[in-house]
Amino acid sequence: MKITSKGQVTIPVHIREKLDLLPNTEVMFRIGGNAVRILKANKEGAHHRGNSVLAKLRGTADTKMSTKEILALTRGE
């Protein structure tokens, strides 16, 4: 594996899948001797993938339905 001229490396897919490293996942680096470890950042209040999707959608609805009407519609009432 080579480092690009911009200092980038591609994390192999099997490692990304095993560690659940999705696009926009925050990571941090730890240096120990001649080795570097990449770790998922564990920030307080970190968002999970579903939360970030919901955050992007928040406020984008254009319906004038009330919450009660939406719940009735989703429940088939």
- Message: Kindly evaluate Thr4 against the criterion of being of a type outside the set (D, E, K, R) and surrounded by fewer than 10 Cβ atoms within 10 Å (Cβ to Cβ).
- Response: yes
- helices (runs of 4 or more DSSP H) enclosed by the chain - at least 3 residues per element that are hydrophobic (A, V, I, L, M, F, W, C) and modelled with pLDDT of 85 or more: 13-19, 67-74
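Residues are listed down the side, and each one gets a yes or a no for (1) among the hydroxyl-bearing types (Ser, Thr, Tyr); (2) touching a helix residue (DSSP H, G or I) at 6+ places or on another chain (Cβ under 6 Å); (3) surrounded by 10 or more Cβ atoms within 10 Å (Cβ to Cβ):
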position	(1), (2), (3)
Gln8	no, no, no
Pro12	no, no, yes
Val36	no, no, no
Leu57	no, no, no
Thr60	yes, no, no
Thr63	yes, no, no
Thr67	yes, no, no
Leu71	no, no, yes
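The values are calculated or read from the model by the stated rules, or taken from the named source; none is laboratory data. What you see is a predicted model; the values in this text were computed from it and never measured. A quick note on method: Cβ atoms are made from the backbone with ideal geometry, for glycine too, and the neighbour counts reach across all protein chains shown.
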